[in-house]
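A.B. asks: This is the structure I want to talk about, given as structure tokens.
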Amino acid sequence: MSTDSSKIQPIRFFHRGKIVDVTGVHPTRSVLDWLREDARCTGTKEGCNEGDCGACTVVIGELATDPQAPGTIDGLSLQTVNACIQFLPTLHGKALFTVEDLKAQAQCLPKTQTGSNGKHAVHTLHPVQQAMVDCHGSQCGFCTPGFVMSLWASYEHHQAEGTQPTRQQLADELSGNLCRCTGYRPILDAGQRMFDLPAVRLDTKPVVAALTALKNEGFDYAAPLGARIDHFHAPKTLAQLAALREQKPRAQLLAGSTDVGLWVNKQFRDLGDIIYVGDVAELKTIEDRPDNGGELYIGAGASLESAFAALVERVPSLAEVWLRFASPPIRHAGTMGGNVANGSPIGDSPPVLMSLDAQIELRRGDAVRRMPLPDFYLDYMKNQLQPGEFVQGLAIPHAAMKRQVRAYKISKRFDCDISALCAGFAIELEAGSDTVKAVRLAFGGMAAVVKRAANAEAALVGKPWTQASVATAKLALAQDFKPLSDMRASADYRLLVAQNLIQRLWLETRAEEALPIEETSVWSVMPHAVNAAAQGV
């Protein structure tokens with residue numbers, strides 16, 4: 001079988017000052033492989049090849065749909081992503097920035113500068129890179145390009161806003177970049193130092209102009225794989241997506257590639273035809289709607305970062321689970337709809353959403369249906385999706401967000417770690433009393449699917465919110481779950497911790513002398529400890 005070259009659309013994106021056209025690569029070729037092997041931009045490194053280490057961090061630029069959205073600079077949205085798990089066709093219509101671009105930006109700096117010894121030194125480094133040199137932020141250097149790109153994104157965002165990040169903000173922004181020899185103190189030093197050097201800013205005008213020229217181009221890419229042709233479809237509208245999905249029910253849906261990318265890199269799966277949802281603007285909708293007494297609607301294509309930001313704006317107690325969900329590059333690329341549809345028993349979004357009485361919205365053609373999120377999951381990696389159907393969005397009732405809500409993530413590390421278990425809780429007491437009117441106890445990591453603890457909830461509803469009721473609920477929890485042992489935790493540990501989290505919920509929400517969240521979390525002292533260590537205290 002051969003393709004008609006006159007009908008093949010190239011992958012077109014902005015890279016190193018111009019629009020590049022790419023054809024002939026397979027739809028699952030990673031951005032990282034293309035950079036290193038085809039473009040010969042070898043500054044970007046391959047480390048884990050699964051989106052964990054951050055050595056391959058690059059920055060993706062897109063035309064901003066909301067000029068006020070975080071990460072937007074002069075009409076351009078800049079976000080860090082992991083190049084190793086991003087498929088090259090997803091770059092169509094976007095801009096790709098790597099460490100090589102920083103050298104070009106640095107050309108606007110004065111070529112000489114008088115040093116303390118009276119001699120002239122040639123300066124060709126961007127302030128981010130120069131700060132890393134000045135602060136000894138690199139040792140073996142393998143992770144350095146990834147750190148530099150995360151720092152560059154931070155640098156551009158804060159320069160545009162006229163602000164400077166705190167040391168803890170820098171640490172949060174670098175949580176997806178791992179270093180195993182230099183350590184983080186000198187890198188954080190560099191993150192603060194870069195703002196003291198002569199400023200260098202990205203000229204966004206040619207980038208915006210180039211992306212504007214590409215904006216209205218549809219995209220349907222194809223490339224041969226032996227005797228077969230694999231297609232990469234990128235519909236622009238929700239209606240186009242629905243029609244295409246109905247026509248190709250077996251095609252692989254692709255959103256942020258934070259999970260599917262590993263299928264290719266680690267499991268060597270053959271995906272066949274791909275339907276990419278990342279260009280459907282309607283799927284990225286996040287808005288309050290009056291339906292059903294008021295709800296927050298989150299489109300399935302909204303990024304994890306945007307979705308959690310919207311939730312935390314309304315439920316501030318979810319801030320920690322947002323911060324600890326994977327890393328910024330993963331949250332920028334991954335979607336909440338994808339995290340829910342994936343159905344992983346250790347996914348962090350579903351327990352939170354179940355505690356908020358979220359409904360999942362499914363679509364096939366023009367038909368749309370909703371169901372409570374717990375009903376969506378049937379068994380391990382099995383759900384209610386019918387052939388040709390896809391997740392369109394998630395709806396969270398406003399009333400549920402008015403309850404006392406908590407989310408607890410248990411993992412070995414604070415940053416960028418998979419949960420041993422994750423819990424989403426919500427409780428509402430009868431007005432003027434300590435009687436439990438409603439309670440939601442949802443757990444991930446405790447069963448083949450994320451689910452609510454029906455027996456523990458029943459033990460609490462209608463009862464006074466007391467230590468005695470908590471003890472009863474903890475006993476009932478053992479009837480709700482028979483967890484497994486694995487590399488992250490034993491079954492006994494999971495059950496004990498899950499029971500203790502109900503105790504923690506009571507300590508934080510009891511009618512008298514409720515403890516503030518920072519007094520029940522070991523991590524609450526972490527920023528102070530980190531900052532003290534960084535200052536040599």
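The values are calculated or read from the model by the stated rules, or taken from the named source; none is laboratory data. Since the model is a prediction, treat every value here as computed from it, not as a measurement. All Cβ positions, glycine included, derive from the backbone under ideal geometry; neighbour counts span all protein chains shown.
A.B. asks: Confirm whether R488 is under 19 Å from Y408 (Cα atoms) and either hydroxyl-bearing (S, T, Y) or at pLDDT below 95 (or both).
C.D. replies: Spelling it out, R488 is indeed under 19 Å from Y408 (Cα atoms) and either hydroxyl-bearing (S, T, Y) or at pLDDT below 95 (or both).
A.B. asks: Take the residues in segment 455-470 that are outside any loop (DSSP other than H, G, I, E, B) and touching a strand residue (DSSP E or B) at 6+ places or on another chain (Cβ under 7 Å), then tell me which one is farthest from Q499 (Cα to Cα).
C.D. replies: Ranking the qualifying residues of segment 455-470, first place goes to P464.
A.B. asks: Further, regarding this structure: Of the residues in segment 471-500, how many are assigned to a helix (DSSP H, G or I) and surrounded by fewer than 21 Cβ atoms within 10 Å (Cβ to Cβ)? Step through it out loud before you land on a result.
C.D. replies: The initial filter retains those residues of segment 471-500 that are assigned to a helix (DSSP H, G or I), namely 471-480, 491-500.
In the following step, the residues that additionally are surrounded by fewer than 21 Cβ atoms within 10 Å (Cβ to Cβ) were identified as 471-472, 474-476, 478-479, 491-493, 495-497, 499-500.
Residues in segment 471-500 being assigned to a helix (DSSP H, G or I) and surrounded by fewer than 21 Cβ atoms within 10 Å (Cβ to Cβ): 15 in total.
A.B. asks: Looking at (1) buried (at least 20 other Cβ atoms within 10 Å of the Cβ); (2) more than 33 Å from the chain's Cα centre (by Cα); (3) of a type in the set (A, V, I, L, M, F, W, C), which is the only condition V461 fails?
C.D. replies: For V461, the failing item is (1).
A.B. asks: I need the full set of residues from segment 252-273 which are buried (at least 19 other Cβ atoms within 10 Å of the Cβ) and in a loop (DSSP other than H, G, I, E, B), in order please.
C.D. replies: A255, G256, S257, T258, D259
A.B. asks: Something else: Can you tell which of V497, V461, V470 is touching a residue at least 40 places away in the same chain (Cβ under 8 Å), over 20 Å from L353 (Cβ atoms) and of a type in the set (V, I, T)?
C.D. replies: From the options V497, V461, V470, the qualifying one is V497.
A.B. asks: What number of residues in segment 43-94 are charged (D, E, K, R) and more than 26 Å from P10 (Cα to Cα)? If you could, list the steps in order and put the result at the bottom.
C.D. replies: At the first step, the residues of segment 43-94 found to be charged (D, E, K, R) are 45-46, 50, 52, 62, 66, 74, 94.
Restricting the remaining residues to those that are more than 26 Å from P10 (Cα to Cα) gives 50, 52, 66, 74.
Matching residues across segment 43-94 total 4.
Yes or no, residue by residue, for (1) crowded, with 24+ Cβ neighbours inside 10 Å; (2) aliphatic (A, V, I, L, M); (3) over 30 Å from D172 (Cβ atoms):
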{"position": "S349", "(1), (2), (3)": "yes, no, no"}
{"position": "R363", "(1), (2), (3)": "no, no, yes"}
{"position": "P372", "(1), (2), (3)": "no, no, yes"}
{"position": "M381", "(1), (2), (3)": "no, yes, yes"}
{"position": "A399", "(1), (2), (3)": "no, yes, yes"}
{"position": "R403", "(1), (2), (3)": "no, no, no"}
{"position": "I418", "(1), (2), (3)": "no, yes, no"}
{"position": "S433", "(1), (2), (3)": "no, no, yes"}
{"position": "A438", "(1), (2), (3)": "no, yes, yes"}
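A.B. asks: If you don't mind, another one. Would you mind finding the one in L178, L211, L197 that is under 28 Å from H26 (Cα atoms) and either out of contact with any Gly (no Cβ under 6 Å at 6 or more places or on another chain) or not β-branched (V, I, T) (or both)? Steps first, please.
C.D. replies: Numbers: L178 fails: under 28 Å from H26 (Cα atoms); L197 fails: under 28 Å from H26 (Cα atoms).
Criteria check complete, one pass: L211.
A.B. asks: Kindly establish whether F232 is among the aromatic types (F, W, Y) and either in contact with an Asp or Glu (Cβ under 6 Å, 6 or more places away or on another chain) or closer than 24 Å to E282 by Cβ (or both).
C.D. replies: Numbers: among the aromatic types (F, W, Y): yes; either in contact with an Asp or Glu (Cβ under 6 Å, 6 or more places away or on another chain) or closer than 24 Å to E282 by Cβ (or both): yes.
So F232 fits the description; yes.
Here is a yes/no grid of residues against (1) at pLDDT below 95; (2) within 18 Å of the chain's Cα centre (by Cα):
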| position | (1), (2) |
| --- | --- |
| R29 | no, no |
| L32 | no, no |
| L35 | no, no |
| V58 | no, yes |
| E62 | no, yes |
| I73 | yes, no |
| Q79 | no, yes |
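A.B. asks: Just to check your reading of the model, which residue among V340, V312, V352, V321 is part of a helix (DSSP H, G or I), touching a Ser or Thr at 6+ places or on another chain (Cβ under 7 Å) and of a type outside the set (F, W, Y)?
C.D. replies: Answer to the check: V340.
Yes/no per residue for (1) under 17 Å from N292 (Cα atoms); (2) at pLDDT 95 or above:
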residue	(1), (2)
Q359	yes, yes
P372	yes, yes
G393	yes, yes
D415	no, no
L421	no, yes
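A.B. asks: Give E305, E282 a once-over and let me know the one that is touching a His at 6+ places or on another chain (Cβ under 6 Å), farther than 30 Å from R228 by Cβ and not in a loop (DSSP other than H, G, I, E, B).
C.D. replies: Within the list E305, E282, the selection yields E305.
A.B. asks: Regarding A511, is this residue of a type in the set (G, A, S) and modelled with pLDDT of 95 or more?
C.D. replies: Working: of a type in the set (G, A, S): yes; modelled with pLDDT of 95 or more: no.
Against the criterion (of a type in the set (G, A, S) and modelled with pLDDT of 95 or more), A511 does not qualify.
A.B. asks: Here is a list of conditions, (1) of a type in the set (D, E, K, R); (2) in contact with a Lys or Arg (Cβ under 9 Å, 6 or more places away or on another chain); (3) closer than 15 Å to G71 by Cβ, and E173 meets all of them except one; can you say which number that is?
C.D. replies: (2)
A.B. asks: Within segment 418-436, is there a residue that is assigned to a helix (DSSP H, G or I) and in contact (Cβ under 8 Å) with a residue 24 or more places away in the chain?
C.D. replies: Checking segment 418-436: not a single residue is assigned to a helix (DSSP H, G or I) and in contact (Cβ under 8 Å) with a residue 24 or more places away in the chain.
A.B. asks: Cβ-Cβ below 6 Å, separation at least six or inter-chain, first residue in segment 44-56 and surrounded by 24 or more Cβ atoms within 10 Å (Cβ to Cβ) and of a type in the set (A, V, I, L, M), second part of a loop (DSSP other than H, G, I, E, B) and at pLDDT 95 or above: which pairs?
C.D. replies: A55/K45; A55/G47; A55/C143
A.B. asks: Considering segment 162-178 alone, what residues qualify as being in a helix (DSSP H, G or I) and closer than 22 Å to L96 by Cα? Can you show your working first?
C.D. replies: Taking segment 162-178 as the starting set, the residues that turn out to be in a helix (DSSP H, G or I) are 167-173.
The answer is E173, and nothing else.
A.B. asks: If you don't mind, there's one more thing I want to ask. Looking at this structure, is L356 surrounded by 20 or more Cβ atoms within 10 Å (Cβ to Cβ), under 20 Å from K402 (Cα atoms), among the hydrophobic types (A, V, I, L, M, F, W, C) and touching a residue at least 24 places away in the same chain (Cβ under 8 Å)?
C.D. replies: yes
A.B. asks: G218 passes all but one of (1) at pLDDT 95 or above; (2) of a type outside the set (S, T, Y); (3) in contact with a Lys or Arg (Cβ under 7 Å, 6 or more places away or on another chain); which number fails?
C.D. replies: (1)
A.B. asks: Against the definition (of a type in the set (V, I, T) and touching a residue at least 60 places away in the same chain (Cβ under 8 Å)), how does V20 come out, yes or no? Reasoning before the result, please.
C.D. replies: Details: of a type in the set (V, I, T): yes; touching a residue at least 60 places away in the same chain (Cβ under 8 Å): no.
No.
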